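Just below is one structure, and these are the notes that go with it.
The values are calculated or read from the model by the stated rules, or taken from the named source; none is laboratory data. Computed from a predicted structure; not experimentally measured. Neighbour counts run over all protein chains shown; Cβ positions are idealised from the backbone, glycine included. For accessibility, only protein heavy atoms count, side chains too; no ligands or nucleic acids. Shrake-Rupley method; radii C 1.70, N 1.55, O 1.52, S 1.80 Å.
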Amino acid sequence: MEEQEFIKRLLDPKTQNEAFRQLMHEYKRPLYSHIRSIVIDHDDADDVLQNTFVKVFQFLSGFKGESKLFSWMYRIATNEAITFLNQKARKSGIGSEALQSKMVENLQADIHYDGSEIELKLQKAVALLPEKQQLVFKMKYYQEMKYEDISDVLGTSVGALKASYHHAVKKIEEYVKGN
């Protein structure tokens, strides 16, 4: 179905519930994966995913169609995940970088995590990156998103994203070689 037609169904009170269920079914997995790559913990990712769908539903009438629906929802998911992490760090009384490191350490005990030792090392390296480089790396590496889509989500030029990704990869390579 054409995206514009689908958006009309989402906005029409007669078809809204069915269309929103379809939207959730279609985007639940990719959004969960994206959110989980940011918040790391499975339960936290579920909570942020629920918040994301609530916000999508709340603000759907304000969606102007200037970007793809997918990009708009990813932007909401990204903002919700970052807000969640900042709140969690504030409640814990530690900085967001320290929180990220702590969460990566907790991955080994997470029953929903099945990564290898090298994957855990990669997670640790990514946790040390500045927030923007983390986001760009996770979207490009884990979600295999195109730079144009990442640009829509983060509101940054493709050139800047490529530079951020390049810097992130270099830092990760240095970390992996040094540990």
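Between Lys146 and Gln58, what is the label-to-label distance in nm when each label sits 7 Å out along the Cα-to-Cβ direction?
Here the modelled spin labels are 3.2 nm apart.
List, largest first, the extents of the alpha carbons of segment 5-55 along their principal axes, each in whole Å.
Principal extents (largest minus smallest coordinate, Cα): 37, 15, 12 Å.
Using the Kirkwood radius over C-alpha pairs as Rh, can you work out the diffusion coefficient of the chain via Stokes-Einstein at 10 °C, viscosity 1.306 mPa s, in µm² per second?
Diffusion coefficient, whole number: 92 µm²/s.
Set the Förster radius R0 to 41 Å, insert the Cβ-Cβ distance between Arg9 and His42 as r into 1/(1 + (r/R0)^6), and round the FRET efficiency to 0.05.
Efficiency, from the Cβ-Cβ distance: 0.85.
Dividing the Cα convex hull volume of segment 55-94 by residue count, how many Å³ per residue is that?
Hull volume over Cα atoms, normalised by residue count, gives 64 Å³.
Taking the Cα atoms only, what angle lies between the long axis of helix 117-127 and the longest principal axis of the chain, rounded to 10 degrees?
Taking the Cα atoms of the chain, the angle to 117-127 is about 70 degrees.
Would you mind checking the pairs Lys121/Lys146; Lys132/Lys171; Lys68/Lys146; Lys88/Lys140; Lys28/Lys68 and listing those with alpha carbons more than 23 angstrom apart?
As for pairs spanning more than 23 Å Cα to Cα, those are Lys121/Lys146; Lys88/Lys140.
How far apart, in nm, are two points set 7 Å out from the Cα along the Cα-to-Cβ line at Lys68 and at Asn86?
2.7
In angstroms, what radius of gyration and Dmax does segment 116-179 have, counting Cα atoms only?
In order Rg, Dmax, the Cα atoms of segment 116-179 give 11.8, 35 Å.
Given a 1.4 Å probe and heavy atoms of the protein chains only, how would you sort Glu3, Glu66, largest accessible area at the top?
Glu66, Glu3
What is the magnitude of the charge dipole of segment 115-179 about its Cα centre, with +1 placed on the Cβ of each Lys and Arg, -1 on the Cβ of each Asp and Glu, and no other charges, expressed in debye to the nearest 20?
220
At 1.4 Å probe size, put Lys8, Lys64, Lys124 in order of accessible surface, largest to smallest.
Heavy-atom accessible area, descending, gives Lys64, Lys8, Lys124.
FRET efficiency for Lys121 and Phe20, Cβ-Cβ distance as r, R0 = 30 Å, nearest 0.05?
Using R0 = 30 Å, I get an efficiency of 0.15.
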